[in-house]
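Asks: Quick one: structure below, then a few questions.
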Amino acid sequence: MGYETLLITREANVATLTINRPAVLNALSAQVFQEMMHFLDDKTATQGLRALIITGAGEKAFIAGADIAAMQSLTPVQALKFARLGQDFTVKLEEQPFISIARVQGYALGGGCEVAMACDFVVASETALFGQPEVDLGLIPGFGGTQRLARRVGLPMAMEMLCAGRKLNGKEAVQHGLASTVVPAAELDAAIAKIIKNILKAAPHAIAETKRLARASLEQPLSSGLSAEATAFATCFAGEESREGIQAFLEKRKAQF
Ligand code: HXC
């Protein structure tokens, strides 16, 4: 499908989704979410995908938030639908078996910070700026910010970001657990390529299961999580991946997954 707000490229089993609205700093309209949902639902496009990089066009912004102009005329019912659409996208992204990587350069504000938090990895340039400025517009976050931010950075920092306009640059985002890697802007793609190289040499099913369990750990009691982990660990031994991975180690060769 031809998208109007996205650019999608794919090389082997790695795809890049670029939100392509640089004139409005890649602001998130309903159409952006509908197209991103369509991409995730497109089995042909996602078949065999191991990693998805999500980024914004241009150097100034990852995403400067939900489209403020488009929100001006929303009724409460339409606002509910818009929030749900964005939330459904974030959940669908988290549920994918492949790894998602937010490539954050420049502003990641409001909905931009929320989309980044739904990615498995957040790789930031030193020029990144994360924030949740919705209250300045008389709004609150609607794509998960009131829920995911405190889980990431702890409640005190989340409160400062959500209620008092605190922004985190790339280095601070790593210090506070919002991002995992920060590099100078010129090294952003190389840093992501290095992460992806490591993902690609590991076993796909093992990664998907690890991601599923680690994400679930945020939502369930430890005892349930440990039980799910043991079951999934056992299931590894019913598949080809563990046979190949272990055998390759013992034979001192690279595993072929
Ligand atoms: C629509 C936006 C936009 C946005 C920027 N633009 N952010 N349009 N929605 N979120 C547009 C500007 O209107 C401008 O258009 C162009 O992009 C360039 O932006 P400038 O403001 O001129 O750039 P600059 O002075 O460098 O300031 C950059 C900025 C600022 C600090 C990022 O644009 C800004 O504060 N943007 C809004 C950030 C924000 O509040 N985000 C949260 C949104 S609410 P023109 O036509 O003038 O060139 C949200 C809620 C999510 O995300 C939940 C919903 C359910």
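Asks: At 0.36 nm per residue, minus the direct Cα-Cα distance, what do Ala185 and Ala214 gain on full extension? Give it in nm, one decimal, please.
Replies: 7.5 nm
Asks: How long is the gain from Asn169 to Gln72 if the chain were fully straight, where each residue apart is worth 0.36 nm and the alpha carbon distance is subtracted?
Replies: Value of the extension gain: 32.1 nm.
Asks: If each DSSP helix of 4+ residues adds -39,500 (n - 2.57) and the sum is divided by the residues in the chain, what number results at 222 nm, nearest 500 deg cm²/dmol? Before the final figure, lay out each step's value.
Replies: Working: 12 runs with 124 residues, N = 257.
Only helices count here, giving -14500 deg cm²/dmol.
Asks: Heavy atoms only, probe 1.4 Å: what % of the accessible area of the stretch 95-157 goes to carbon and sulfur, would you let me know?
Replies: 59
Asks: Same structure, new question: Taking only pairs that are 8 or more places apart or on different chains, how many Lys pairs in the chain have Cα atoms under 14 angstrom apart?
Replies: Working: Lys43/Lys92; Lys92/Lys211; Lys197/Lys254; Lys201/Lys254.
Taking the Cα cut-off of 14 Å, the pair count is 4.
Asks: Right, here's the next one. First measure r as the distance between the Cβ atoms of Lys252 and Asn13, then evaluate 1/(1 + (r/R0)^6) with R0 = 25 Å and state the FRET efficiency to the nearest 0.05.
Replies: Details: r = 26 Å, r/R0 = 1.04.
So the FRET efficiency works out to roughly 0.45.
Asks: Peptides 3-14, 107-118: what's the order by average Cβ count within 10 Å, highest mean first?
Replies: Taking the mean over residues of other Cβ atoms within 10 Å, the ranking is 107-118, 3-14.
Asks: Would you mind classifying the stretch 37-127 by shape? Square roots of the alpha carbon gyration tensor eigenvalues, ordered a ≥ b ≥ c; an a/c under 1.5 is rounded, otherwise it is prolate if a/b is larger than b/c and oblate if not.
Replies: oblate
Asks: So for the pair Asp88, Asn198, with labels modelled 7 Å out along Cα→Cβ, what separation do we get in nm?
Replies: 3.6
Asks: Indicate the gyration tensor shape class of the stretch 159-244 (rounded, prolate or oblate), computed on the Cα atoms with a ≥ b ≥ c the square roots of the eigenvalues: a/c under 1.5 is rounded; otherwise a/b larger than b/c is prolate and the rest oblate.
Replies: Oblate, since a/c reaches 1.5 and b/c is not below a/b.
Asks: Right, something else. If you bin every alpha carbon distance in the chain into 10 Å steps from zero, what whole percent lands in each bin?
Replies: All Cα pairs, binned at 10 Å, distribute as 7, 29, 35, 21, 7, 1, 0 percent.
Asks: Counting only C-alpha contacts under 8 Å and six or more residues apart, can you give the relative contact order of the chain as a whole percent?
Replies: Across the chain, relative contact order equals 15 percent.
Asks: Here is a follow-up. Could you list, bin by bin from short to long, the percent of Cα-Cα pairs of the stretch 1-85 in 10 Å steps?
Replies: All Cα pairs, binned at 10 Å, distribute as 17, 44, 30, 8, 0 percent.
Asks: Would you work out the relative contact order for the stretch 1-59, in percent, from Cα pairs under 8 angstrom that are 6 or more residues apart? Kindly include the intermediate steps, with their values, before the conclusion.
Replies: On the way: 74 pairs, mean separation 25.7, N = 59.
Over the stretch 1-59, the number comes to 44 percent.
Asks: Let me ask something additional. When the solvent-accessible surface of protein heavy atoms is calculated with a 1.4 angstrom probe, in what order do Asp120, Asp67, Asp136, Asp88 fall, highest first?
Replies: Asp136, Asp88, Asp120, Asp67
Asks: Please give me, ordered by residue number, the trypsin sites (Lys or Arg not before Pro) of the stretch 58-144 that lie in loop per DSSP and have at most 16 other Cβ atoms within 10 Å. All intermediate terms of the calculation are to be shown ahead of the outcome.
Replies: Working: sites: Lys60, Lys81, Arg84, Lys92, Arg103; in loops: Lys60.
Filter output for the stretch 58-144: Lys60.
Asks: Could you compute how much accessible surface Thr181 exposes when probed at 1.4 Å, giving the result in Å² to the nearest 10?
Replies: Looks like 40 Å² after rounding.
Asks: Using the beta-carbon distance between Lys43 and Met159 and R0 = 41 Å, what value does 1/(1 + (r/R0)^6) give for FRET efficiency, to the nearest 0.05?
Replies: 0.50
Asks: Now for a different question. Once a ≥ b ≥ c are taken as the square roots of the eigenvalues of the Cα gyration tensor of the stretch 89-179, is the result rounded (a/c under 1.5), prolate (a/b larger than b/c) or oblate (a/b not larger than b/c)? Please report the intermediate quantities before stating the final value.
Replies: On the way: a/c = 1.65, a/b = 1.23, b/c = 1.34.
The shape class here is oblate.
The values are calculated or read from the model by the stated rules, or taken from the named source; none is laboratory data. For clarity, every value in this text was computed on a predicted model and none was experimentally measured. In this analysis, Cβ positions are derived from the backbone assuming ideal geometry, glycine residues included, and neighbour counts consider all displayed protein chains. When the accessible area is computed, the model is the full protein with side chains, heavy atoms only, and any ligands, DNA or RNA have been set aside. Shrake-Rupley method; radii C 1.70, N 1.55, O 1.52, S 1.80 Å.
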